[in-house]
Amino acid sequence: GAVGARRVQMTQMPQLVALFNGVGGGAAAIVAVAELHGLSEHPGSSAGTAAAAALAITVGAVSFAGSLVTFAKLQGLMTGRPVVFPGLPVLFAAAVLAAAAVTAVTAAGPGPLPGTILAALGLLAGVLLVLPVGGADVPIVISLLNAFTGLTVAAGGYVLDNVLLLIAGTLVGASGTLLTVLMARGMGRPVAGTLFGAHKGGPTLGAGTASDRPVRSATPEDVAIMLGYAGRVIIVPGYGLAVAQAQHALRELVDVLTERGIEVDYAIHPVAGRMPGHMNVLLAEAQVPYEQLVEMDDINPRFKHTDVVLV
């Protein structure tokens, strides 16, 4: 883990986070499978403990499989676009309902076979959950899966009667859930729209209203002239810059503008980049002065006094 974290490039940090999170969920699921096998050897076991183990297996498997898919999307091993096919929602719902039914059976009579079935259903549900999500929405799913891993660890703590696991898992689950909601709000739509928007015709439908303001095309030369004659410029870096790894080229552009006496600031959206805080790290890698990075709420009032905004 230490070697991998030290060697990974900063632009690939999000997929490393997804991979580590998936490993955590998978490990907790494996522990729950072992405990479920142990409970089957004790006929007087609590139904609540067996149900908690079943929940840990299912949710941990969802986190593991879903995190692997997000890793593949971010790493370019598969398309980053939403992947949908006829019957996907039905298959996902069937997997969830089947897992709930097997959980009820497991609570009544724990055993290794129900645990294996739950793991398989969780893996299937995890893949089907993440496939329809694409592009800049993937970081929101990573945060959601992180919350799933916390829930898995908390359930494992209940099964093992381990207070430390219970508290740690609850903290991770609560913070991951809160971060997911905040990220989705920053993207302008609910979490359900992010996860299932592709089934209704695309996940990029934001919460904004239509505008009849004119849209004008411009060549790079036109933009260069606008920037050259501006007195104040705001840069709004986003997902495209992170994917293109263009932070160094952007820093060179800002250096040229600064030499001409133009005041430049960076407006940092809460979900800019591929995960929260990722854009700050990318720009720091390009040696952008930290005082030039301004949070969204602080810089919003400055836009009306700005000559050019480069998104």
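The values are calculated or read from the model by the stated rules, or taken from the named source; none is laboratory data. Nothing here was measured: the structure is a model prediction, and the numbers come from that model. Please note: Cβ atoms are built from the backbone with ideal geometry, for glycine as well, and neighbour counts cover all protein chains shown. Remember, those area values only see protein heavy atoms, side chains included, never the ligands or the DNA or RNA. Shrake-Rupley method; radii C 1.70, N 1.55, O 1.52, S 1.80 Å.
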Answer with yes or no whether Gly156 is buried (at least 24 other Cβ atoms within 10 Å of the Cβ) and more than 19 Å from the chain's Cα centre (by Cα). yes
Considering only residues that are open to solvent by less than 60 Å² (accessible area, probe 1.4 Å) and of a type in the set (Lys, Arg), which ones fall in region 215-235? Arg232
Check on Pro114, outside any helix (DSSP H, G or I), over 17 Å from Thr180 (Cβ atoms) and not basic (Lys, Arg): no
Against the definition (free of Cβ contacts under 8 Å to residues at least 60 places away in the same chain, under 29 Å from Gln12 (Cα atoms), among the aromatic types (Phe, Trp, Tyr) and outside any loop (DSSP other than H, G, I, E, B)), how does Phe92 come out, yes or no? no
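So, Arg189, is that one without any contact (Cβ under 8 Å) to a residue 24 or more places away in the chain, basic (Lys, Arg) and open to solvent by 40 Å² or more (accessible area, probe 1.4 Å) or not?
Answer is no for this residue.
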Output for Cβ contacts, cut-off 6 Å, separation at least six or different chains, first residue of a type in the set (D, E, K, R) in region 229-249, second open to solvent by less than 70 Å² (accessible area, probe 1.4 Å), reads Arg232/Thr306
Being open to solvent by 10 Å² or more (accessible area, probe 1.4 Å), touching a residue at least 60 places away in the same chain (Cβ under 8 Å) and assigned to a helix (DSSP H, G or I) is the filter here; which residues of region 30-47 pass it? Val31, Val33, Glu35, His37, Leu39, Ser40, Ala47
Might you let me know whether region 277-287 holds any residue that is open to solvent by less than 60 Å² (accessible area, probe 1.4 Å) and under 21 Å from Gly228 (Cα atoms)? no
